[in-house]
Structure formats: structure tokens, C-alpha cells
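Structure first, commentary second.
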4 protein chains.
Amino acid sequence: MAGLLRSEGRSGAKFAAAISAEFFGVLFFALIGAAASYKNFAIANGLALAVLVYATANVSGGHLNPAVTVAALATGHVSVLRGLSYIAAQIGGAIAASALHLALLPKAAAVGCSGPGGGATLGQAIVWELLLTAVLVTVVYAVAIGDKNFAGPAAIGITLAAAALTALPYTGAALNPARTLGPAIVFGCGAGSVRTTLLYVLAQLLGGLAAGAASWPLYGIGPHFGKWG
Amino acid sequence: MAGLLRSEGRSGAKFAAAISAEFFGVLFFALIGAAASYKNFAIANGLALAVLVYATANVSGGHLNPAVTVAALATGHVSVLRGLSYIAAQIGGAIAASALHLALLPKAAAVGCSGPGGGATLGQAIVWELLLTAVLVTVVYAVAIGDKNFAGPAAIGITLAAAALTALPYTGAALNPARTLGPAIVFGCGAGSVRTTLLYVLAQLLGGLAAGAASWPLYGIGPHFGKWG
Amino acid sequence: MAGLLRSEGRSGAKFAAAISAEFFGVLFFALIGAAASYKNFAIANGLALAVLVYATANVSGGHLNPAVTVAALATGHVSVLRGLSYIAAQIGGAIAASALHLALLPKAAAVGCSGPGGGATLGQAIVWELLLTAVLVTVVYAVAIGDKNFAGPAAIGITLAAAALTALPYTGAALNPARTLGPAIVFGCGAGSVRTTLLYVLAQLLGGLAAGAASWPLYGIGPHFGKWG
Amino acid sequence: MAGLLRSEGRSGAKFAAAISAEFFGVLFFALIGAAASYKNFAIANGLALAVLVYATANVSGGHLNPAVTVAALATGHVSVLRGLSYIAAQIGGAIAASALHLALLPKAAAVGCSGPGGGATLGQAIVWELLLTAVLVTVVYAVAIGDKNFAGPAAIGITLAAAALTALPYTGAALNPARTLGPAIVFGCGAGSVRTTLLYVLAQLLGGLAAGAASWPLYGIGPHFGKWG
């Protein structure tokens, strides 16, 4: 949808609003998504991402994912200052969500941890994360073109839902470095989690960059995305 | 979507139609939503809210929730007379839905009661209700801008679906004072329900007001939302 | 969505195409919907209705339901000739779908029969059918206004999905006289089914007419709906 | 949605981008869809198809299915060179997805094989595949008309979801020759699979051609579909 990825509104107040939108957007996305039951995880996370992108698209562009922001940095859709601020806000929002889970869930369990499962090796899991994050960021580019694509945030959300319906048992289906880092920082997430976390984040960022590289010849470089509304 | 929150059409007939739309909109939303099985509750309520907002957006603005109307009052999108009339109609619609459940369900059980569960304390439950209602009302503001956002009612509905997929076991996932009050008034809802009901309603209204306060600097004050169709 | 309910294109070829669209639209809607498992019934029927309305909206207006056509007749959106032809085509399509079920399902069981269940009385079931059909037809009117509401068919489909998620155990959730009549005519549907079928059809038609009566003061009378595309 | 089926952009670079889009589009559609669990299969495949059509619509027209391309060839919406190149890319993408499943799934099981089940005969299964593929391709034609139908890819995806919710136990619900051929070529898919595969592909192509024949008098022949964005 339009609004996505845009980097306009560089006035101080608008910039601060955009950073806030990325912080609270990821906070509420993770608050809802990471606390969902295993059975509801894929749909709850996909729908939560869709609605938080609807809520933030006109304010910050609705990145809500460092893999999106890194790609937008690489293709010139956000400035370095804005990009790094977004990423810091996204990670901060995810950490805040995990801290809220400690306070708001009856058993303060570690929810939202990333890691391989269902018999998959760590190598298999990170290739899944890389490929599926690439699909997610490709969809972001595809629906960010032009004005008034009101289906765009829904398309982004159902990309996560579809990916998680298949990959949840094998990888945890984060597709988002902030969603991987937040629980790892707050909960620890168990033995081996530092290496797992770093490899996940690396794979997710590479997936985002691959999507940016594939989208660049299609949609050109720099800010040209339309506004929404 | 456009139409949402608008306060035009102050002629007597249009005003009466808007009040009717809020009454019947909440009535049918609660009739479908509160009678859904536990397994279907989140999706049935989210879809029911979406379709009733589609049905009423061009008539009343499709509030269907006192937390939305209180926020719209605070940000100047509805007059005091209209706002209070909407809230009365919404609560009346929810009471009527619960009365219909008594007549139309094979076992006239208390359906749709709000309250903490799954090990969550009352304090945890009302913080969840406050935060998730704030997300819901934020999405209403975000999609109400501009004309012809036909995805808006769907975005509002999937916000409720996503929130309920996660929070249903802990809070009942009303996110709506009318939905909390209707069953409490008709069914009683058991020991402690008066205090629970009042705290839920307070938390939901505060969540709505917080969303209005956050949206006010972004979208400005007063009636400026577009028409749909 | 635009296209819905429109009565333009009265040339012979366009009229024949519209009748065909109603016949095949209901045929495929019922072919997919009535054969769904109990667990998948609500979502499969909602999605199938949405996609068949997408497929037929620009050809016939996408009624696919005698309750919609009766309402459109009452509010002057289709001529008597077109309306009666649509209803005949809809019932014929539903009969053809049931006949195909005999041929294409491994056990030629009676699928898609309407009737009360889950402890609900026949009286309770037909009130549910009346009320929920009224909601469905109200949504059709609400989304048929104006041009290019591409979310319209989806809104219609999710209305059926939401209603069926709640009402399936109590009524079978047809909300459509053609869907009730087709299986009753082909399979018989057991003792008492003639009375049940007639009462269901009556309740569904009354629900449609109630929705038309409620929508008439809001949207006016006669053909004014926009084209799609 | 607009963009669908269009055959513009015949420059070398745009043509190569379109072929790539069909290859990677089917690859990621099948990577997500074929590896979904039986319980999640219908929704995961429907959502995955929707998002890959969103991702590729502006590049290749988002066919992602030889049954769509064969119909577009028959109705003059793509040239012979482009059509045959698309089909080769689609089949190549499906083969690549099955090869990736060998590498990325913990048990390198044969996922995504087509074939009758649940008591259905081969004859019953291929009639289901023919009819449901016809519905799918009809929806593609219906939503490809006009500009800016941003709900189009979602409508195409939910067509597959609805069809698979009902037909998965009886046919495997491929509705796509590439999705049938990829696993059959990589995994073999067991005794009798050569005959089953050929009959499935034939039925799917016939279904697509039937949809093209039905849509041709409605929407005319040749390239006239709008661009998206």
C-alpha cells in the first residue's frame, strides 16, 4: 500500500512521530504475535502484522521489521539516519513487548523465541528464514508502489501468515530480526541461543537485502512511493 | 475506510438512521460474536465486526464500540449529543443481543461474559484490555482517513481477530464496553462481575482515549473524514 | 462492490450471460460449499461465496441468492423478468450442484441439507436464518454503492463465514433459499424436510425483504449502482 | 487485479524479468504451499498464491499456473513465445521448489504429490480438478479487468483456499499443472503416478481452457488489461 517505505516528512515532529510509530508498531505486533498459542501463531502473527502496518503506514511507512528497513536503506528509500533510527526503535519495541509479556502473562514463560525445531537442523532453519524473509520483503516492495493500495498491509500480513503456517514447526517463523532479538535479549532463550540468534538475524537481513536487490531493477531507486489517503 | 467516524448528516432522518445503525450494528455483531464457540470465537468476532462496520459505515460511521465513540468525542469528530446517543444505542444493542441469545440458543447459557481466565489476574486482564482496545481504536483512526479505503472495515475486524486469538483465554477479548456490559446486565455473569465489569469498561474507555490522544497530533482534530461511495 | 445488483445490459446476449452467471455461480458456490467437511464448512462457504461473487459481479451483479434477488426486486434494482429468471437460474444451479455431488463424492451422501441441530428447535433455527439472512443482504446493499469497491465480494463472503461460524450447529447456516432447496430436491433430506425446507425458504426470503426495506430509505430505490472495472 | 494477464513490456529486460517472476513466483508458492501440513494445506496454499500474485502481478501478470497461461494464450492475452516461456518457467520453478524441499525439510519426504484420496476414484478426482481449475481461471479473468483492483490477487488466492478446503482429501487440490508436475518429476510420487499426473495435467489445462472460452465473450479477446500502480 501507498505510504509504505516512504521517507517524506523530515520535520522534527514528523520524524519523532515516525520513530514512535515504529517503536509502538513493533511493540504491539510482538505483544499480540509472540503471546499467541502455537495453534493460533501463524494467523495471529499475520493478522497482527497487517493491522499494525495499517496503523503505522501513514506515519512511518510501516516497516516494523529491520529486514525491511535494511532493504529500504540499500535501495535509497530511507536516509541512513532514519533507517538506523527505525531499526533501533524496532528492536526497542520488541524488547518492550517481551518485558510486557513477563508482566502480563500468567506464567512468565519465554514466548517468541526463535530457533530450529521439528527435526530441522540450524542450517535448514536459517535457509528457510532467509528465503521467507526475502518473500516478505519482496511483497512489501510490490505493494508499496502507487497510491491507495489499501490491500497492501493485508498482503504483507498474509505473507507472514502463509510462511508461518508452513515454517513455524521448523524455524519459529520470525522473519524479522527484531522479533528474534527481543525475546533472546529478555528471556535468554536457552543454550545455544546466542549463536542461533545471530545466525537468524544475519539470514533475515540477507533475505531482506536479496529482496531489495531483486526489486531495485523493477521499481527503481530512491523515494517515489505514494501517500495513502 | 472512509465514512468511518464522520459526523455529517445532521438532519433528523439521517440522525435517526445513524442511531439505528449503531443499535442494530452492535446487536448483530454481538448476536453472531458472543454466541460463537470458544474455538471459533476470535475469527467469528473479527469477521462479524468487519461486516457490521461495512454495513453501517456510510450510515453512522460504523463506531459500534463506546471506546471508539469516546475517542471520537475527545478528538472532536462527533458532537456530544451524537456521541452520547451512539453510546446509548450501542449498549442497548448489546443488551438486546443478549436477550435474543436467551430466546435463540438451545441452552440459554450466559454467553459473552467478560472476565479474566487462563490463570491471569484481574489486573493482568484489564491491562490487556486497555492495550488491545488502544490498538483497535488506533486502527480505526488510521483507516478512517481519506476516501474509498474499502479495506478499512476489514482492517478493523482483523484487529479484533488478532487480539482475540491471543487474549481470549486471558480476558475474554471484548475490547468494547458494550460487549462487556450487555451480557453482564442480562446474565449477571456470576460473583465479582460488577467489579470486573466496571474495571473492564474503564480500561476499555482509557484504551480508546489513549488511542485518540496518540492519533490527534497525527490526523488533527474535528470532522474531516471522507465519504465512502 | 460495484457491479452488484446492477440491472444494466438488457441486450439479449448480455441477459443470457447474466442468467448463465447466476446458474454457474450458484452451481460452483454450492459444489464447493456444500461438500466441505463440517470443520471447514463456515470458512469454505464464505470464501466460495466471495470468489463466485467476484467472478459474476460484472456479468449478473453477483446475486447468487434468491433472498438477494427478492430484495432487489422489491427495491426496484432488477426488473420482474430478470428477477424471476435469476431465481430460477439460482435454484437450477443448486440442483445441478447436488446432482454433481452424487457423481463426484466417494459416498453419495446427502450434503448441504438445511435443518435445525445442536438442540435448537425448528422455531429457533428459522429465526436465526431470518436474522442472519437479513445481515447478509444488508451487507450486499451497503457494499454495492459506488464504483470500484473491490472489497465488496469479500465482505459478502465473510458475512456468510461469520454467520456460519456461529450458526452452523443450530441451523446448517444456509442463508440462501437456493442452497436450502437444491439438496432438499435432490436428496430428500429425510423426514420432516418438506416443512423444514418451506419454513427455511420463507424465513430467508423474509430476511432478505427486511434488509431491502431497511436499506431502501438509506440508498434510495431503483438502479443506480456503479460498474466495476 | 490490474496487471494480471497483461502482455506489455516486450523489451528484452522486461521480458527476462517477467520470466524470472514466473519462475521465482511458482518456486516460492510451491516452497510454502507444498510443505504445509495437511491441516494447514488449504489456507497456506491459498494465502501463498495470493501473496506471490501480489509480488509478481506488475512484473509478469502473475499467472503462476500453466492453466492460466494456456487460457491467456487461447484468448490472445499473451504471445506464443511469452506463453510457452511462462509455462517452462512455471514448471521449472515447481521442480526447483521440490528440490529445495529435499534439502530443507527434516524428512525429505515427497510433499505436494497429486492424486485421488479419501475414497474418490481417479475419474472423480480429475473431474474435480477440471471444474475447480475452471473456477480458479474464471476468477483470474474476472479480477484482471480494469485498473487498481488491489483485491484481485487476494480473490485468486482465496479461490484456491476455498477449493482446497473441500477437495483436498479427494484430489490433493493442485489446480495447477506445475504444482502437479514438480513433485511428480522430483519425487516420482509412487505407483501409477505417471498416468495420474498426465490425467491431472490434462484436466487442469482443459479447465483453464473452458474458463478462457467462457470469459472470452464477456471480456473480449487480446491485451486490454490495465496496469497496477
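The values are calculated or read from the model by the stated rules, or taken from the named source; none is laboratory data. Please read these numbers as outputs of a predicted model, since none were measured by experiment. Cβ placement follows ideal geometry from the backbone for every residue including glycine, while neighbour counts extend to all protein chains displayed.
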* Asked: So is A:Gly123 over 20 Å from A:Val26 (Cβ atoms), out of contact with any Leu (no Cβ under 7 Å at 6 or more places or on another chain), surrounded by fewer than 23 Cβ atoms within 10 Å (Cβ to Cβ) and in contact (Cβ under 8 Å) with a residue 12 or more places away in the chain or not?
  -> no
* Asked: In region D:25-46, how many residues are within 8 Å of chain A (Cβ to nearest Cβ) and more than 15 Å from A:Ala42 (Cα to Cα)?
  -> 2
* Structure fact -> Pairing a residue in region A:19-34 that is buried (at least 24 other Cβ atoms within 10 Å of the Cβ) and in a helix (DSSP H, G or I) with any residue that is among the hydroxyl-bearing types (Ser, Thr, Tyr) and at pLDDT 95 or above, where Cβ atoms lie under 7 Å and the two sit 6 or more apart in sequence or on different chains, gives A:Glu22/A:Tyr86; A:Ile32/B:Thr166
* Which of the residues spanning region B:112-141 are more than 17 Å from the chain's Cα centre (by Cα) and more than 8 Å from chain A (Cβ to nearest Cβ)? -> B:Pro116, B:Gly117, B:Leu122, B:Gly123, B:Ala125
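From the list B:Gly182, B:Gly118, B:Gly157, B:Gly192, which residue is at positive phi and either among the β-branched types (Val, Ile, Thr) or in contact with a helix residue (DSSP H, G or I) (Cβ under 6 Å, 6 or more places away or on another chain) (or both)? Full working, then the answer.
On the way: B:Gly182 fails: at positive phi; B:Gly157 fails: at positive phi; B:Gly192 fails: either among the β-branched types (Val, Ile, Thr) or in contact with a helix residue (DSSP H, G or I) (Cβ under 6 Å, 6 or more places away or on another chain) (or both).
Answer to the selection: B:Gly118.
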* **Residue count, region D:196-205 (criterion: crowded, with 21+ Cβ neighbours inside 10 Å and either free of Cβ contacts under 8 Å to residues at least 12 places away in the same chain or more than 21 Å from D:Val70 (Cα to Cα) (or both))** => 0
* To do: Filter region B:84-99 for residues that are buried (at least 21 other Cβ atoms within 10 Å of the Cβ) and either small (Gly, Ala, Ser) or outside any helix (DSSP H, G or I) (or both) and give the result.
  => B:Ala89, B:Gly93, B:Ala94, B:Ala97, B:Ser98
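Among C:Leu218, C:Leu209, which is the only one that is at pLDDT below 95, away from chain D (no Cβ under 14 Å) and in a helix (DSSP H, G or I)?
Only one candidate qualifies: C:Leu218.
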* Asked: Residues in region A:75-94: is at least one of a type outside the set (S, T, N, Q), touching a Leu at 6+ places or on another chain (Cβ under 8 Å), within 23 Å of A:Ala155 (Cα to Cα) and at pLDDT below 95?
  -> yes
* **Pairs, first without any contact (Cβ under 8 Å) to a residue 12 or more places away in the chain in region A:168-195, second hydrophobic (A, V, I, L, M, F, W, C) and crowded, with 19+ Cβ neighbours inside 10 Å, C-beta under 9 Å, six or more apart** => A:Val194/A:Ala184
* Could you list, in sequence order, the residues of region C:47-70 that are within 15 Å of C:Gly112 (Cβ to Cβ), part of a helix (DSSP H, G or I) and more than 8 Å from chain D (Cβ to nearest Cβ)? -> C:Leu49
* Asked: Any residue in region A:74-84 that is of a type in the set (S, T, N, Q), under 17 Å from A:Val201 (Cβ atoms) and more than 14 Å from chain B (Cβ to nearest Cβ)?
  -> no
* Asked: Out of region A:60-83, which residues are surrounded by fewer than 24 Cβ atoms within 10 Å (Cβ to Cβ) and without any contact (Cβ under 8 Å) to a residue 60 or more places away in the chain?
  -> A:Leu73, A:Val80, A:Leu81, A:Gly83
* Asked: within 21 Å of B:Ala74 (Cβ to Cβ), surrounded by fewer than 24 Cβ atoms within 10 Å (Cβ to Cβ) and facing chain A (nearest Cβ under 9 Å) - does that describe any residue in region B:142-165?
  -> yes
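Provide a single number: the residues in region B:80-108 that are of a type outside the set (Gly, Ala, Ser) and under 16 Å from B:Val68 (Cα atoms).
Taking region B:80-108 first, the residues of a type outside the set (Gly, Ala, Ser) are B:80-82, B:84, B:86-87, B:90-91, B:95, B:100-102, B:104-107.
Pick out the ones that are also under 16 Å from B:Val68 (Cα atoms) and you get B:80-82, B:84, B:86-87, B:90-91.
Number satisfying all stated conditions: 8.
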* Structure fact -> Among helices (runs of 4 or more DSSP H) entirely within region C:100-192, at least 3 residues that are closer than 30 Å to A:Ala151 by Cα and of a type in the set (A, V, I, L, M, F, W, C) occur in C:122-143, C:152-171
* **Whichever residue in region D:9-18 is assigned to a helix (DSSP H, G or I) and more than 8 Å from chain A (Cβ to nearest Cβ) and, among such residues, is surrounded by the fewest Cβ atoms within 10 Å (Cβ to Cβ)** => D:Gly12
